[in-house]
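Take a look at the structure below.
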Amino acid sequence: MNAFKRYKWTWVLLAVCVIAAIYLVYNSLGFGKEKFPIVREVAAYSMENVDGKTITSEDTKGKVKLMYFYFTSCPDVCPITTLVLSQIQEDLKKEGLFGKEVSFVSISFDPETDTKEKIKEFGDRFYADYSGWYFLRGDQEETRKLMQESFKIPLLGNNSTNFTHGNSIALVDRDNNIRKTYNAADPSEVKTEDIVKDIKALIKE
């Protein structure tokens, strides 16, 4: 007892240091914090897949998703971004996550030009694994509404000769909530390893 009284302030200081250390570790590891805040819910949709089947937003519920809007006649950003998705696909397949825990949803906003056959040809160019990668087409105006209202991606023009569009990838959780977006026009935001890391973190939520 005398020893405790003698070193009381030493013990108090030590206890404070231990509590501070625990707090710093707790926060640095992200405990108690939501790493990816909910941005907004993706509106319900129903579209035709590349295999002719109808896919709805409910069909991919329960899986973490990367969602992207494109058109196959795009001369620049769409093929480059789809290549990035293809590389992410391969990394996820190596870890046994693709198709099981994670799906990709690529939606064409040019359904008049982008037939199932043309979309399939486009997907094949990037070695798309259709067991977990949906290539969808639907009503153009409904797609535009989904793109602009749920994903806040601008789209101007109405056909493949005059489209001007934003270029971003959305990270969507199991409940169809957007949790993060990546500016695909900025190479520093679409590093494969970083996106895979984000996907794996969201899977663990």
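The values are calculated or read from the model by the stated rules, or taken from the named source; none is laboratory data. Computed from a predicted model, the values in this text were never measured in an experiment. Note that each Cβ is placed from the backbone with ideal geometry, even for glycine, and that neighbours are counted across all protein chains shown. Side chains are part of the model used for accessible areas, which takes the heavy atoms of the whole protein and leaves out ligands, DNA and RNA. Shrake-Rupley method; radii C 1.70, N 1.55, O 1.52, S 1.80 Å.
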Practice task
Identify the residue in the stretch 181-205 that is in contact (Cβ under 8 Å) with a residue 12 or more places away in the chain, open to solvent by 40 Å² or more (accessible area, probe 1.4 Å) and not in a helix (DSSP H, G or I) and, among all such residues, is farthest from T113 (Cα to Cα).
Solution key: E205
Exercise for the section: Within the stretch 127-153, work out how many residues are more than 18 Å from the chain's Cα centre (by Cα) and within 19 Å of D76 (Cα to Cα). Expected result: 1
Practice task
Tell me, yes or no, whether the stretch 102-119 has at least one residue that is surrounded by fewer than 20 Cβ atoms within 10 Å (Cβ to Cβ), within 25 Å of I195 (Cα to Cα) and in contact (Cβ under 8 Å) with a residue 60 or more places away in the chain.
Solution key: no
Exercise for the section: Provide a single number: the residues in the stretch 120-137 that are touching a Phe, Trp or Tyr at 6+ places or on another chain (Cβ under 9 Å) and without any contact (Cβ under 8 Å) to a residue 24 or more places away in the chain. Expected result: 0
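Condition check ((1) closer than 20 Å to F71 by Cα; (2) in a strand (DSSP E or B); (3) without any contact (Cβ under 8 Å) to a residue 40 or more places away in the chain; (4) open to solvent by 10 Å² or more (accessible area, probe 1.4 Å)) across all residues:
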site	(1), (2), (3), (4)
E149	yes, no, no, yes
T161	yes, no, yes, yes
R174	no, no, no, yes
R179	no, yes, no, yes
